[in-house]
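Peer 1: Sharing a structure below in structure tokens format, with a few things to ask.
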Amino acid sequence: MTEADLNALLKPLVGGQAYPYVVKLTPKGEPAVKPPWIVYTVPDENRGDVFCGTAETASMVQIDVYATSIDEAKAIRAKAEAAVTVLLPAEIHLFSGHEPDTGLFRASFEFRVWQ
């Protein structure tokens, strides 16, 4: 599972505004797009070892939805959660918050994918 796999699943949910690791920024470091948008990360991978090599890989994934209201952010998060079911996510954790710097609401979830 790669960032490209996530990109294909998430871009249609927000008019193409899904980005790996960081939203598109202006030269001043401010978001270059209008909300809503999605930022997704694959912060770590853990590989199981056996005598003959690697057995399986567990990738942790985090998806953050940014919007002008918490209801909109959570609605898009629900769509994103449905879109990634093809990856067979496990250990799903939902959380949300507010970003004081931008005034945007964030609805996020993280999950593990076993390969």
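Peer 1: For every other residue with a beta carbon closer than 15 angstrom to the beta carbon of Pro100, add +1 if it is Lys or Arg and -1 if Asp or Glu, then tell me the sum. Mind dumping the intermediate values first?
Peer 2: Numbers: positive: Arg106; negative: Glu30, Glu99, Asp101.
Result for the neighbourhood of Pro100: -2.
Peer 1: Roughly what % of DSSP beta bridges within segment 3-114 run antiparallel, to the nearest 5?
Peer 2: Values: 30 of 33 bridges.
Given both bridge residues lie in segment 3-114, the antiparallel proportion sits at roughly 90 percent.
Peer 1: Counting only C-alpha contacts under 8 Å and six or more residues apart, can you give the relative contact order of the chain as a whole percent?
Peer 2: Working: 216 pairs, mean separation 27.6, N = 115.
Relative contact order, the chain: 24 percent.
Peer 1: Pull up the cross-link candidates among the lysines for Lys74, meaning alpha carbon to alpha carbon under 21 Å and not fewer than 8 places away within one chain.
Peer 2: Cα-Cα hits under 21 Å: Lys11, Lys34.
Peer 1: While we're on this one: If you project the alpha carbons of the chain onto their three principal axes, what span does each projection cover, largest first, in Å?
Peer 2: The Cα atoms of the chain stretch 51, 30, 25 Å along the principal axes, largest first.
Peer 1: Let me ask you something else. Rounded to the nearest 10 degrees, what's the angle between the helix 70-83 long axis and the longest principal axis of the chain, both from Cα atoms, 0 to 90?
Peer 2: Taking Cα atoms only, the helix is inclined about 30 degrees.
Peer 1: A further question on this structure: Sorted from fewest to most neighbouring beta carbons within 10 Å, what does the list Lys11, Lys24 look like?
Peer 2: On the way: Lys11 15, Lys24 11.
Going from least to most buried by this count: Lys24, Lys11.
Peer 1: Let me ask something additional. Among Asp44, Asp101, Asp5, Asp64, which comes first, then next, by fewest other beta-carbon atoms within 10 Å? Mind dumping the intermediate values first?
Peer 2: Working: Asp44 10, Asp101 6, Asp5 16, Asp64 23.
Lowest count first: Asp101, Asp44, Asp5, Asp64.
Peer 1: Work out the FRET efficiency for Gln115 and Lys11 from their Cβ-Cβ distance, taking R0 = 22 Å, and round it to the nearest 0.05. Mind showing how you got there, number by number?
Peer 2: Numbers: r = 22 Å, r/R0 = 1.00.
Once rounded, the FRET efficiency stands at 0.50.
Peer 1: How would you order 84-92, 55-63 from highest to lowest mean count of nearby Cβ atoms within 10 Å? Intermediate results must be reported in sequence, preceding the final value.
Peer 2: Details: 84-92: 13.3, 55-63: 16.0.
My ranking of the peptides, most packed first, is 55-63, 84-92.
Laboratory data are not the source of any read-out in this text; all were calculated from the coordinates shown. These numbers were taken from a predicted model, which means no experiment stands behind them. Note: ideal-geometry Cβ built from the backbone for every residue, glycine included; neighbour counts use all protein chains shown.
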